[in-house]
Amino acid sequence: MADSEAPHRLPLLLPDAIHQAIKPGTALLRLEITRSWEGLLDGAWWPRTRDIETGLPALISTLTEHLGRITRVGVDASAWNGLPGRLVIDAQVVHLDSDPVGDDTVLITRGHNIHFALLVVPPVTTADAAREAMARAVRADNITQAAQILIATTPEPEDGGAADPAARS
């Protein structure tokens, strides 16, 4: 097959070495860009804080570089420590909407109606569990809801799972 006929392959957005750089205060984002929109989630974000004014600017700046101007962000207000109506990020106004999307998802709007759904990994998640949840979320064939991904990747309690399983829900 000639070079011009070779299938186009997107570069890996995060090299394996990024896993060694995870430390407190780091926002980590994976975004799978594919030609088909079959999966439920378009990516994952590990904000490392519930202060949206601290965590969101880095995410929006990064997404803007790769996707273009971000105009709106939909989050579940109950999952964050306060929710302003808008933030100015990199001299651009980004409107924040309080949507009942659940604290495990954030909805990003580019332009007027191009939407991306990101899994939100809770800030207190261990690095291993966060990596596993993010890897599952970005699979192009993922049909698992965000909440179920988080449940599946949360380690069992240290007491060997003797605690009431309903308490994990």
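The values are calculated or read from the model by the stated rules, or taken from the named source; none is laboratory data. What you are looking at is a predicted structure, and each value in this text was computed from that prediction instead of being measured. Accessible surface is based on the protein model in full, side chains and every heavy atom, while ligands, DNA and RNA are left aside. Shrake-Rupley method; radii C 1.70, N 1.55, O 1.52, S 1.80 Å.
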Mind jotting down the distance between the C-alpha centroids of region 95-110 and region 44-77, whole Å?
10 Å
Using a 1.4 angstrom probe on the protein heavy atoms only, line up Leu150, Leu83 by accessible area, largest first.
Leu83, Leu150
Carbon and sulfur atoms: what percent of the 1.4 Å accessible area of region 58-112 do they account for?
48 percent
